[in-house]
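Please treat every number below as a calculation from the coordinates, not as lab data. Note that this is a predicted model, so its numbers are computed, not measured. Reconstructed Cβ throughout: ideal geometry from the backbone, glycine too, with neighbour counts over all protein chains shown.
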Amino acid sequence: MSIKSDHWIRRLAEQHGMIEPFVATQVRESGAQKLVSYGLSSYGYDIRCANEFKIFTNVNSVIVDPKAFSDQSFVDFTGDVCIIPPNSFALARTVEYFRIPNNVLAICVGKSTYARCAIVVNVTPLEPAWHGYLTIEISNTSPLPAKIYANEGIAQLLFFESDEICAVSYADRIGKYQGQFGVTLPRP
C-alpha cells in the first residue's frame, strides 16, 4: 500500500469521479479575501464543509447513546459561518461527493490552521467502495466560541492505494453510511 500523489488523485478525480466537484489547485484566496485553503495538494486533497451544520447542545438534557442517538442533541444551522460553543462540537458535511475505488482507502485528518486554534476534526476512514458526502465531526476544545467557515477547507484526505482489491468492501457489506447525502447522525 502506498500514499498517492497529486497526479494520481487528479487522474482518478477527473476520469472516475472520485471527488466531485474537484478543484485541481490549492485555493487560498478569493479576490482580496483570505480563505482556509482547499483543493488538490501535493499528497492529498483539502476538503470543504458545506453550510449545513448540526451543533451539539445540552438544552434537552438527553443522554448521548450511539445505539439510540437522539436528534434532540443538536440544533440545525445553515450559514456561511458556524459558531461552535466552548468545549462542544458540530457535525457538518463536505461540499465534495466521494466515490472511493475498491483498492483505495482515504483517511480524513484535520488541518493545522484549525488545530492551532484548538479546533479538531475527527480522524476517519473513507473505506474501499464507499460513496457519499462525508459527515465530519468538528470539536472546539477551547474554552471560547470558535468559528468554522463554510465552503472553505476543513480537513485533508490522504489516499492510499493497495496492491490488491479488498476481499469485502464497504459496499459489499452494505455499510450503514453508504450513499449519505446530508449531515448524518449515528446509526445503530
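Within the option set Cys108, Cys117, Cys166, being more than 23 Å from Asp65 (Cα to Cα), hydrophobic (A, V, I, L, M, F, W, C) and buried (at least 18 other Cβ atoms within 10 Å of the Cβ) holds for one residue only, Cys108. Being among the β-branched types (Val, Ile, Thr) and in contact (Cβ under 8 Å) with a residue 24 or more places away in the chain holds for only one residue in Val109, Val64, and it is Val109. Take Ile63 and decide whether it is out of contact with any Phe, Trp or Tyr (no Cβ under 8 Å at 6 or more places or on another chain), among the β-branched types (Val, Ile, Thr) and more than 30 Å from Ile174 (Cα to Cα). Judged against the criteria, Ile63 is not a match.
Looking only at residues in region 152-188 that are farther than 16 Å from Met1 by Cα and among the acidic types (Asp, Glu), the one that is farthest from the chain's Cα centre (by Cα) is Asp172. From the residues in region 90-105 that are surrounded by fewer than 20 Cβ atoms within 10 Å (Cβ to Cβ) and touching a Phe, Trp or Tyr at 6+ places or on another chain (Cβ under 7 Å), which one is nearest to Ala13 (Cα to Cα)? Residue satisfying both the conditions and the ranking: Tyr97.
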